[in-house]
Amino acid sequence: MLAATSFSLIIPAIEAGGGGIKGAGITAIGIILGGMFLDFADKHSPHVHLLDKREEGNKSSLARMWLFIIAITIHNFPEGLAVGVGFGDENVSNGIILAIGITLQNLPEGLAVALALVREKYSTKKAFTIALLTGLVEPIGAFIGLMLVNIARPLLPLILAFAAGAMLFVISDEVIPETHKNGYERQATYGVLIGFVIMMFLDVVLG
């Protein structure tokens with residue numbers, strides 16, 4: 001996800017912004033705005049983290065199942081947004097690279113969601129349904145990202161960078177901390193390195 005964000009969102013954002021200091025400046029603003037948006041959503045939306053059961057956001061009387069769903073929705077929406085924006089800049093290879101990277105991350109994530117719900121005494125059928133529904137947020141995010149680019153094409157550099165910032169927040173706040181739990185820091189680090197190499201080759205081949 002980190003490699004896909006770098007190659008298919010941040011670099012295209014700099015190029016679309018005119019390159020140089022100007023492109024980097026626009027991209028930096030977009031990244032900060034995207035990160036702040038996700039931070040705001042994370043702080044103010046009531047949700048429960050699946051693995052350590054931490055409750056965050058405003059207090060709510062919602063059932064724990066719905067708090068799980070909100071947590072994954074917060075996580076998955078920017079991923080879908082990034083894919084939609086990636087396809088929306090008329091460079092299909094960027095969208096494909098993002099879609100592949102996010103899919104590789106979503107396969108074990110979906111399994112982890114389902115297993116966590118089963119551990120919480122949900123039936124297998126209900127756990128599968130919830131995991132599936134949380135994943136359906138991504139096509140919605142992708143559609144919104146695609147529409148944003150088509151409606152406001154002059155803002156493309158900022159939109160690309162905004163999606164990148166949202167993705168970076170998810171990666172740093174959720175994904176990396178989870179991969180480094182229980183003494184798996186080294187394996188997780190090699191996973192990041194391998195991911196970068198794979199996405200680099202995909203960028204070369206598809207670009």
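The values are calculated or read from the model by the stated rules, or taken from the named source; none is laboratory data. Model, not experiment: these values are computed from the prediction. Methodologically, a virtual Cβ is constructed for each residue, glycine included, from the backbone with ideal geometry; neighbour enumeration extends over all protein chains shown. Areas reflect the complete protein model, heavy atoms only, side chains present, ligands, DNA and RNA absent. Shrake-Rupley method; radii C 1.70, N 1.55, O 1.52, S 1.80 Å.
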#### Entry: Y190 vs. criteria among the aromatic types (F, W, Y) and in contact (Cβ under 8 Å) with a residue 24 or more places away in the chain
no
### Query
Do you know which residues across segment 116-154 are surrounded by fewer than 17 Cβ atoms within 10 Å (Cβ to Cβ), in contact with a Phe, Trp or Tyr (Cβ under 9 Å, 6 or more places away or on another chain) and closer than 21 Å to A99 by Cα?
I140, I144
### Query
Can you spot a residue in segment 164-183 that is open to solvent by 60 Å² or more (accessible area, probe 1.4 Å), modelled with pLDDT of 75 or more and aromatic (F, W, Y)?
no
### Query
Does segment 188-195 contain at least one residue that is assigned to a helix (DSSP H, G or I), under 21 Å from G23 (Cβ atoms) and open to solvent by less than 80 Å² (accessible area, probe 1.4 Å)?
no
### Message
Of all residues being modelled with pLDDT under 90 and within 21 Å of the chain's Cα centre (by Cα) in segment 15-35, which is nearest to F87 (Cα to Cα)? Just the residue, please.
### Response
G34
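Residues of segment 21-35 being among the aliphatic types (A, V, I, L, M) and in contact (Cβ under 8 Å) with a residue 60 or more places away in the chain, which ones?
Once the filter is applied, which keeps residues that are among the aliphatic types (A, V, I, L, M) and in contact (Cβ under 8 Å) with a residue 60 or more places away in the chain, segment 21-35 yields I26, A28, I29, I31, I32, L33.
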### Query
Considering only residues of segment 61-91 that are open to solvent by 60 Å² or more (accessible area, probe 1.4 Å) and in a loop (DSSP other than H, G, I, E, B), which is modelled with the lowest pLDDT?
S61
